1. Quick check on my filter: what residues within the range 102-120 are modelled with pLDDT under 85, assigned to a loop (DSSP other than H, G, I, E, B) and surrounded by 12 or more Cβ atoms within 10 Å (Cβ to Cβ)?
2. Do we find that Asp96 is in a helix (DSSP H, G or I) and among the charged types (D, E, K, R) in this structure?
3. Using beta carbons and a limit of 9 Å, which pairs, at least six apart or on different chains, have the first residue in the range 47-71 and under 14 Å from Ile108 (Cα atoms) and the second one in a helix (DSSP H, G or I) and of a type outside the set (A, V, I, L, M)?
Amino acid sequence: MRNMNKMSAFGRQQSGAILIIALVFLVAITLLATSSMRSSNIGLFLAQNEESRIAADQAAQALADAIVANPASTPVVGETGFTFCTAGGYNCDRTDLPVQDPLLAEAIAQNMMSATVERTGTTLRPPPRVIDSSID
């Protein structure tokens, strides 16, 4: 009987230690899971920013191509430095740069994008015409 009392006393002490060790492991696993979720959210934000950057680049390229494709968009008046801007442009000689694409025109009307064309050539020389290409 005396031997059994020693065993049961020893067993009660050990069950409390196991409970604390299990609690420490649960806290460690929780911290690891939280850290993993944070890093995956950061990865998601990075992917969204990259997607937005690519969409902005493509929209700017589409606007440049639309301006180059329209001969009325290239100023042949004024001196070197004459600027021709879309509606709402600042520090421009003219602010009626035509954009015929309806999606681009809508984006310009909502102040989501704008364009400026500047005359850099000599006064009496017409600008080069290259259709279906983009401006450098």
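1. Correct list: Arg119 only.
2. Numbers: in a helix (DSSP H, G or I): no; among the charged types (D, E, K, R): yes.
In short, no.
3. Within 9 Å, the pairs are Ala66/Ser73; Ile67/Ser73.
The values are calculated or read from the model by the stated rules, or taken from the named source; none is laboratory data. Everything quoted here is computed from the prediction, not taken from an experiment. No Cβ is skipped: glycine too gets one built from the backbone with ideal geometry, and neighbour counts run over all protein chains shown.
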